[in-house]
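Presented below is the structure to which this report refers.
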Amino acid sequence: MRQIVCTAAAVIAGLCAAAAQPVQQQIPGAPRMTTASPEVLKDLAPTGKIRFAINLGNIVLAQKDPATGAPKGVTVDLARELGRRLDRPIELVPFDAAGKSFEALKAGQVDVVFLAIEPVRANEIAFTAPYVLIEGVYMVPKDSPLKTVADVDRPGIRVGVNKASAYDLFLTRTLKHAELIRSDNGVELFVQQKLDAAGGVKQPLVAYAREHPEVRIMDGRFMEIQQAMGTAKGREAGARYLRAFVEEMKKSGFVAEGLKRSQQFDAAVAPPAGS
């Protein structure tokens with residue numbers, strides 16, 4: 001009997017000691033823990049969730065799932081990973097043009113954007129370093145006399161672009177003689193008004209030209225488009241967190257895998273910041 005009592009006491013003592021130890025395994029259904037500061041959470045999730053602008057107008061960054069209609073792609077992957085790390089629910093707010101994403105951030109309707117770095121936008125957005133590099137190119141009629149990128153910047157040449165896009169902003173600054181014609185769909189405008197060229201992101205223009213033999217993609221690029229994440233100016237803690245996040249996502253191969261999954265093989269992962 002004495003031995004039984006001692007054994008029982010030892011078992012009880014062991015259970016008490018075990019209960020005093022920190023739980024190492026995550027309990028199913030329990031909230032995840034984040035090491036982000038309250039300032040970061042306030043900047044990136046001011047409403048309790050992180051609202052991401054997803055630009056479906058750039059197929060390199062995001063695409064619509066044909067089965068569900070939901071957004072997918074590298075930006076969606078990054079949004080979900082950021083939400084997981086900050087332990088905050090996310091909301092994906094889709095737009096069909098970059099300019100609309102920019103306006104939504106200015107209006108306080110979203111918290112994080114995926115946009116190309118541009119001086120005009122940098123007045124309102126605290127950008128990270130780029131995570132993806134893509135090219136801005138021209139599409140012209142197949143029999144066009146325009147042969148090089150430099151040929152486009154001539155008097156009388158009309159170029160269709162998506163208004164408020166990165167390439168619209170860039171060409172607005174750099175073209176001296178050609179005229180930009182803007183709309184929500186620069187390619188449609190190019191076709192309808194029989195413009196001399198359409199400027200845009202290489203991948204969707206190449207896809208269009210593949211199905212329309214009456215046009216061709218001009219050799220060379222007129223710009224390198226640096227795609228980055230960003231939040232509103234003044235949210236310094238959130239901006240610093242995003243910059244570190246992007247660098248880790250590039251270094252770990254996360255961005256490369258996201259591009260591969262979405263079959264965006266022509267897009268390049270940007271080098272580390274400062275390199």
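What to note about this one:
- Residue that is farthest from Tyr167 (Cα to Cα), among those in region 221-256 that are of a type in the set (Asp, Glu) and either outside the structural domain of Ile59 (by TED's automatic domain parsing) or touching a residue at least 60 places away in the same chain (Cβ under 8 Å) (or both): Glu236
- Within region 245-275, tally of residues that are surrounded by fewer than 19 Cβ atoms within 10 Å (Cβ to Cβ), part of a helix (DSSP H, G or I) and either charged (D, E, K, R) or at pLDDT below 95 (or both): 6
- Listed by position, the helices (runs of 4 or more DSSP H) contained in region 87-179 that have at least 3 residues being in contact (Cβ under 8 Å) with a residue 60 or more places away in the chain, under 20 Å from Gly200 (Cα atoms) and in the same structural domain as Thr231 (by TED's automatic domain parsing) are 98-106.
- Qualifying residue in region 171-185 (condition: surrounded by fewer than 21 Cβ atoms within 10 Å (Cβ to Cβ) and among the acidic types (Asp, Glu)): yes
- Val76 vs. criteria outside the structural domain of Asp184 (by TED's automatic domain parsing), assigned to a helix (DSSP H, G or I) and β-branched (Val, Ile, Thr): yes
- The condition of being more than 22 Å from Ala270 (Cα to Cα) and buried (at least 17 other Cβ atoms within 10 Å of the Cβ) holds for only one of Val137, Val113, Val149, Val132, that being Val149.
- Residue list for region 18-60, restricted to those being at pLDDT below 90 and not in a loop (DSSP other than H, G, I, E, B): Ala18, Ala19, Ala20
- Residue within region 188-201 that is of a type in the set (S, T, N, Q) and closer than 18 Å to Leu115 by Cα present: no
- Residues of region 94-110 satisfying the condition of being out of contact with any helix residue (DSSP H, G or I) (no Cβ under 7 Å at 6 or more places or on another chain), aliphatic (A, V, I, L, M) and surrounded by 15 or more Cβ atoms within 10 Å (Cβ to Cβ): Ala97, Ala104, Leu105
- Arg221 in contact with an Asp or Glu (Cβ under 8 Å, 6 or more places away or on another chain) and either at pLDDT 95 or above or under 28 Å from Ser37 (Cα atoms) (or both): yes
The values are calculated or read from the model by the stated rules, or taken from the named source; none is laboratory data. Bear in mind the structure is a predicted one, so any value in this text is a computation, not a measurement. With ideal geometry, Cβ positions are generated from the backbone for all residues, glycine too; neighbour counts draw on all protein chains shown.
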